[in-house]
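Colleague: Attaching a single structure in structure tokens format; questions to follow.
The values are calculated or read from the model by the stated rules, or taken from the named source; none is laboratory data. For clarity, every value in this text was computed on a predicted model and none was experimentally measured. A quick note on method: Cβ atoms are made from the backbone with ideal geometry, for glycine too, and the neighbour counts reach across all protein chains shown.
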Amino acid sequence: MNIISGVFKSIKIKTNKNFSYRPTKSLVRKSIFDSINSFNFKSVCDLFSGTGIIGFESASRGAKFVTFVDNDYRVIKLIQENTRALIGPGYSCIHKDVFSFIKSCNSYDLIYADPPYGKYDLVKLVKEVFKHLNKPGKLFLECDKKQNPFLDSIVRDYGQTRILQWENK
């Protein structure tokens, strides 16, 4: 899986096909980052990180600090390995349940959440995560296209993937 743009453009991050994550497709990543006119997010949190590609794309575009959160220890170890190859910003790799993490986490300029489809109460997740979004900030939620929009989100569909977006102005 290659980073699309920025200082790490074309660098391939290591992934493992035996892990249970569902990587965000390059078309979706490109569209999300293209929708952000100028990337001015210094702190980024990648929740349910999986491959960590959203965090690495953010680092490539100028994020100064990226936090990765996933409850799979093997995933976090692989993300840590990838951070050693992408030197520049600060990284934090946290092996923890996302709901436990957000109870006491910092605030961020950009938060991306990509939970396993159909396994979480997404309204509850977004309400909790939004409390940790700086002003101005953006929150993206990747979900199945069958998910109904909620809480006045901006909606974008890419095949079977739906992206819901909120801004903290």
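Colleague: Can you name the condition, by its number, that residue 61 falls short on among (1) surrounded by fewer than 21 Cβ atoms within 10 Å (Cβ to Cβ); (2) more than 13 Å from the chain's Cα centre (by Cα); (3) within 16 Å of residue 112 (Cβ to Cβ); (4) of a type in the set (Lys, Arg)?
Modeller: Here residue 61 meets the rest and fails (1).
Colleague: Looking at (1) touching a Ser or Thr at 6+ places or on another chain (Cβ under 7 Å); (2) at pLDDT 95 or above; (3) of a type outside the set (D, E, K, R), which one does residue 15 not meet, given that it meets all the others?
Modeller: The one condition residue 15 does not meet is (2).
Colleague: Condition first: small (Gly, Ala, Ser), on the phi > 0 side of the Ramachandran plot, surrounded by fewer than 21 Cβ atoms within 10 Å (Cβ to Cβ) and not in a helix (DSSP H, G or I). Can you find one or more residues in the stretch 89-107 that meet it?
Modeller: no
Colleague: Every residue in the stretch 64-88 that is touching a Cys at 6+ places or on another chain (Cβ under 9 Å), part of a strand (DSSP E or B) and surrounded by fewer than 20 Cβ atoms within 10 Å (Cβ to Cβ), please.
Modeller: none
Colleague: Would you confirm, using the coordinates I've provided, whether residue 60 is hydroxyl-bearing (Ser, Thr, Tyr) and in contact with a strand residue (DSSP E or B) (Cβ under 9 Å, 6 or more places away or on another chain)?
Modeller: So residue 60 fails the test.
Colleague: Does any residue in the stretch 127-153 that is closer than 21 Å to residue 55 by Cβ and modelled with pLDDT of 95 or more come within less than 6 Å, Cβ to Cβ, of a residue that is polar (S, T, N, Q) and not in a strand (DSSP E or B) six or more places away or on a different chain, and which pairs are these?
Modeller: 132/107; 134/107
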